[in-house]
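To start, the structure itself, in C-alpha coordinates.
The values are calculated or read from the model by the stated rules, or taken from the named source; none is laboratory data. These numbers were taken from a predicted model, which means no experiment stands behind them. FYI the Cβ positions are ideal-geometry reconstructions off the backbone, even for glycines, and counts take in every protein chain you see. Note: areas computed on protein heavy atoms with side chains; ligands, DNA, RNA excluded. Shrake-Rupley method; radii C 1.70, N 1.55, O 1.52, S 1.80 Å.
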2 protein chains.
Amino acid sequence: MTTIDVLKALANERRLRILDWLKDPTRHFPPQVDGDLERDGVCALYIAEKLGMSQPSAGEHLKVLASADLVIGTRIKQWVFYRRNEQRIEEVRAAMKDL
Amino acid sequence: MTTIDVLKALANERRLRILDWLKDPTRHFPPQVDGDLERDGVCALYIAEKLGMSQPSAGEHLKVLASADLVIGTRIKQWVFYRRNEQRIEEVRAAMKDL
(Lines give C-alpha, C1' and ligand atoms only; values in the text may rest on other atoms or scores of the structure.)
Protein backbone atom coordinates (compact mmCIF):
# COMPACT_ATOMS: atom_id res chain seq x y z
CA MET A 1 0.00 0.00 0.00
CA THR A 2 1.57 3.23 -1.14
CA THR A 3 0.72 6.80 -0.16
CA ILE A 4 -1.08 7.02 -3.51
CA ASP A 5 -3.41 4.14 -2.62
CA VAL A 6 -4.16 5.70 0.75
CA LEU A 7 -4.90 9.07 -0.86
CA LYS A 8 -7.22 7.36 -3.35
CA ALA A 9 -8.95 5.55 -0.51
CA LEU A 10 -9.48 8.86 1.29
CA ALA A 11 -10.61 10.80 -1.78
CA ASN A 12 -14.27 9.91 -1.37
CA GLU A 13 -16.97 11.70 0.57
CA ARG A 14 -18.60 8.53 1.92
CA ARG A 15 -15.33 6.98 3.01
CA LEU A 16 -14.35 10.16 4.85
CA ARG A 17 -17.75 10.10 6.57
CA ILE A 18 -17.25 6.49 7.66
CA LEU A 19 -13.85 7.33 9.13
CA ASP A 20 -15.39 10.28 10.93
CA TRP A 21 -18.27 8.25 12.40
CA LEU A 22 -15.87 5.59 13.60
CA LYS A 23 -14.08 8.17 15.75
CA ASP A 24 -17.06 8.02 18.11
CA PRO A 25 -19.09 4.89 17.38
CA THR A 26 -21.31 5.16 20.46
CA ARG A 27 -22.49 8.60 19.37
CA HIS A 28 -23.19 7.61 15.77
CA PHE A 29 -24.50 4.05 15.98
CA PRO A 30 -27.09 2.12 17.99
CA PRO A 31 -26.04 -0.51 20.54
CA GLN A 32 -25.11 -3.89 19.03
CA VAL A 33 -26.00 -7.35 20.26
CA ASP A 34 -22.75 -8.83 18.96
CA GLY A 35 -19.48 -6.96 18.94
CA ASP A 36 -18.61 -4.12 21.31
CA LEU A 37 -18.90 -0.80 19.44
CA GLU A 38 -15.71 0.63 20.90
CA ARG A 39 -13.59 -2.51 21.05
CA ASP A 40 -14.62 -4.43 17.93
CA GLY A 41 -16.04 -1.60 15.88
CA VAL A 42 -19.30 -1.11 14.05
CA CYS A 43 -21.19 -3.80 12.16
CA ALA A 44 -21.02 -3.29 8.38
CA LEU A 45 -24.83 -3.48 8.31
CA TYR A 46 -25.18 -0.41 10.50
CA ILE A 47 -22.64 1.49 8.43
CA ALA A 48 -24.57 0.62 5.24
CA GLU A 49 -27.81 1.78 6.85
CA LYS A 50 -26.33 5.08 8.03
CA LEU A 51 -24.90 5.69 4.56
CA GLY A 52 -28.32 4.95 3.09
CA MET A 53 -26.68 2.43 0.78
CA SER A 54 -27.16 -1.21 -0.05
CA GLN A 55 -24.94 -3.59 1.87
CA PRO A 56 -22.79 -4.53 -1.17
CA SER A 57 -22.19 -0.88 -2.12
CA ALA A 58 -21.27 0.08 1.42
CA GLY A 59 -19.15 -3.06 1.57
CA GLU A 60 -17.12 -1.85 -1.40
CA HIS A 61 -16.25 1.36 0.44
CA LEU A 62 -15.34 -0.57 3.57
CA LYS A 63 -13.14 -2.87 1.50
CA VAL A 64 -11.27 0.10 0.01
CA LEU A 65 -10.68 1.51 3.50
CA ALA A 66 -9.59 -1.88 4.81
CA SER A 67 -7.23 -2.47 1.85
CA ALA A 68 -5.56 0.84 2.66
CA ASP A 69 -5.31 -0.32 6.30
CA LEU A 70 -7.30 2.70 7.40
CA VAL A 71 -9.84 0.46 9.13
CA ILE A 72 -9.58 -2.97 10.67
CA GLY A 73 -12.31 -5.54 10.12
CA THR A 74 -13.16 -8.18 12.71
CA ARG A 75 -15.45 -11.07 11.88
CA ILE A 76 -17.86 -12.12 14.61
CA LYS A 77 -20.38 -14.80 13.61
CA GLN A 78 -21.62 -13.85 10.14
CA TRP A 79 -20.87 -10.13 10.52
CA VAL A 80 -17.83 -7.94 10.03
CA PHE A 81 -17.20 -5.10 12.43
CA TYR A 82 -15.01 -2.16 11.50
CA ARG A 83 -12.94 0.18 13.63
CA ARG A 84 -10.35 2.83 12.77
CA ASN A 85 -6.70 1.91 12.52
CA GLU A 86 -5.36 4.91 14.41
CA GLN A 87 -1.74 3.88 13.90
CA ARG A 88 -2.13 3.90 10.14
CA ILE A 89 -4.06 7.17 10.20
CA GLU A 90 -1.21 8.70 12.19
CA GLU A 91 1.24 7.47 9.52
CA VAL A 92 -0.85 9.21 6.85
CA ARG A 93 -0.72 12.47 8.84
CA ALA A 94 3.04 12.09 9.14
CA ALA A 95 3.37 11.49 5.38
CA MET A 96 1.35 14.64 4.72
CA LYS A 97 3.90 16.64 6.69
CA ASP A 98 6.39 15.89 3.88
CA LEU A 99 4.01 17.11 1.22
CA MET B 1 -12.46 22.86 -4.22
CA THR B 2 -13.24 20.35 -1.53
CA THR B 3 -10.90 18.15 0.49
CA ILE B 4 -11.97 15.34 -1.85
CA ASP B 5 -10.74 17.21 -4.92
CA VAL B 6 -7.44 17.96 -3.23
CA LEU B 7 -6.98 14.32 -2.23
CA LYS B 8 -7.74 13.25 -5.80
CA ALA B 9 -5.23 15.77 -7.09
CA LEU B 10 -2.60 14.38 -4.72
CA ALA B 11 -3.35 10.70 -5.42
CA ASN B 12 -0.99 10.45 -8.36
CA GLU B 13 2.69 9.53 -8.39
CA ARG B 14 3.67 12.13 -11.00
CA ARG B 15 1.81 14.95 -9.31
CA LEU B 16 3.43 14.13 -5.97
CA ARG B 17 6.81 14.18 -7.71
CA ILE B 18 6.11 17.59 -9.24
CA LEU B 19 5.17 19.00 -5.83
CA ASP B 20 8.33 17.52 -4.39
CA TRP B 21 10.60 18.96 -7.11
CA LEU B 22 9.02 22.38 -6.68
CA LYS B 23 10.15 22.44 -3.05
CA ASP B 24 13.66 23.08 -4.33
CA PRO B 25 13.51 24.23 -7.96
CA THR B 26 17.16 25.25 -8.18
CA ARG B 27 18.25 21.76 -7.24
CA HIS B 28 15.94 19.98 -9.67
CA PHE B 29 15.79 22.24 -12.71
CA PRO B 30 18.29 24.06 -14.96
CA PRO B 31 18.51 27.86 -14.95
CA GLN B 32 15.81 29.63 -16.96
CA VAL B 33 16.18 32.60 -19.29
CA ASP B 34 12.68 33.85 -18.46
CA GLY B 35 11.12 33.54 -15.03
CA ASP B 36 13.08 33.28 -11.80
CA LEU B 37 13.00 29.64 -10.61
CA GLU B 38 12.39 30.53 -6.98
CA ARG B 39 10.12 33.54 -7.42
CA ASP B 40 8.04 32.64 -10.49
CA GLY B 41 8.43 28.88 -10.45
CA VAL B 42 9.47 26.36 -13.05
CA CYS B 43 8.55 26.50 -16.73
CA ALA B 44 6.00 23.82 -17.67
CA LEU B 45 8.37 22.72 -20.45
CA TYR B 46 11.07 21.78 -17.96
CA ILE B 47 8.59 19.93 -15.79
CA ALA B 48 7.38 17.95 -18.82
CA GLU B 49 10.96 17.11 -19.75
CA LYS B 50 11.83 15.96 -16.23
CA LEU B 51 8.69 13.81 -16.13
CA GLY B 52 9.67 12.33 -19.49
CA MET B 53 6.22 13.20 -20.78
CA SER B 54 4.81 15.15 -23.68
CA GLN B 55 3.97 18.75 -22.94
CA PRO B 56 0.17 18.22 -23.16
CA SER B 57 0.26 15.19 -20.83
CA ALA B 58 2.40 17.00 -18.29
CA GLY B 59 0.15 20.02 -18.75
CA GLU B 60 -2.84 17.94 -17.66
CA HIS B 61 -1.13 17.05 -14.39
CA LEU B 62 -0.19 20.69 -13.82
CA LYS B 63 -3.78 21.73 -14.51
CA VAL B 64 -5.06 19.28 -11.91
CA LEU B 65 -2.61 20.63 -9.33
CA ALA B 66 -3.49 24.22 -10.23
CA SER B 67 -7.25 23.52 -10.05
CA ALA B 68 -6.74 22.20 -6.55
CA ASP B 69 -4.76 25.39 -5.75
CA LEU B 70 -1.75 23.27 -4.83
CA VAL B 71 0.41 25.15 -7.35
CA ILE B 72 0.20 28.66 -8.77
CA GLY B 73 0.81 29.26 -12.46
CA THR B 74 2.31 32.52 -13.74
CA ARG B 75 2.30 33.32 -17.44
CA ILE B 76 5.44 35.02 -18.74
CA LYS B 77 5.56 35.54 -22.50
CA GLN B 78 4.27 32.30 -24.05
CA TRP B 79 5.20 30.11 -21.08
CA VAL B 80 3.58 29.20 -17.79
CA PHE B 81 5.73 28.85 -14.69
CA TYR B 82 4.58 26.87 -11.68
CA ARG B 83 5.42 27.19 -8.01
CA ARG B 84 3.98 25.58 -4.89
CA ASN B 85 1.13 27.24 -3.05
CA GLU B 86 2.52 26.69 0.44
CA GLN B 87 -0.51 28.26 2.11
CA ARG B 88 -2.86 25.77 0.46
CA ILE B 89 -0.54 22.86 1.22
CA GLU B 90 -0.53 23.92 4.86
CA GLU B 91 -4.34 23.89 4.81
CA VAL B 92 -4.27 20.32 3.49
CA ARG B 93 -1.96 19.30 6.34
CA ALA B 94 -4.32 20.94 8.81
CA ALA B 95 -7.31 19.11 7.28
CA MET B 96 -5.44 15.81 7.62
CA LYS B 97 -5.14 16.43 11.37
CA ASP B 98 -8.93 16.00 11.58
CA LEU B 99 -8.83 12.71 9.71
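Please check region B:73-99 for residues whose accessible area, probe 1.4 Å, is lower by 40 Å² or more when all protein chains are in place than in their chain alone.
Buried-area filter returns B:R93, B:M96, B:L99.
How big a patch of accessible area, both sides summed and in Å² to the nearest 100, lies buried between A and B at a 1.4 Å probe? Let's see the in-between values first.
Numbers: alone 6140 and 6130 Å², together 10660 Å².
For A against B, buried area totals roughly 1600 Å².
Could you grab the relative contact order for chain A? Cα pairs under 8 Å, six or more apart, rounded to a whole percent.
Numbers: 109 pairs, mean separation 28.0, N = 99.
28 percent.
What accessible area per residue, rounded to a whole number of Å², is obtained for region A:3-97 using a probe radius of 1.4 Å?
On the way: 5020 Å² over 95 residues.
That works out to 53 Å² for each residue.
At R0 = 45 Å, how high is the FRET efficiency between A:K50 and B:D20 if r is their beta carbon distance? Nearest 0.05 is fine.
Efficiency, from the Cβ-Cβ distance: 0.75.
With each pseudo-label sitting 7 Å past Cα toward Cβ, what's the A:T2-B:R88 distance in nm, one decimal?
If labels sit at A:T2 and B:R88, their model points lie 2.3 nm apart.
Can you list the residues, at least 5 places off or on another chain, whose amide H is less than 5 Å from the amide H of A:I76, using H built in the peptide plane?
A:F81
Taking every residue in A:7-17, how many Cβ atoms of other protein chains lie within 10 Å of its Cβ, on average?
4
For B:K50, list the aspartates and glutamates whose Cα falls under 20 Å from its own Cα; do not include residues on the same chain fewer than 8 positions away.
Those aspartates and glutamates meeting the cut-off are B:E13, B:D20, B:D24, B:D34, B:D36, B:E38, B:D40, B:E60.
Report in % the part of the accessible area of region B:3-97 that belongs to carbon and sulfur, leaving out ligands and nucleic acids; probe 1.4 Å. Before the final figure, lay out each step's value.
Numbers: 2380 of 5000 Å².
Roughly 47 percent of what the probe reaches on region B:3-97 is carbon or sulfur.
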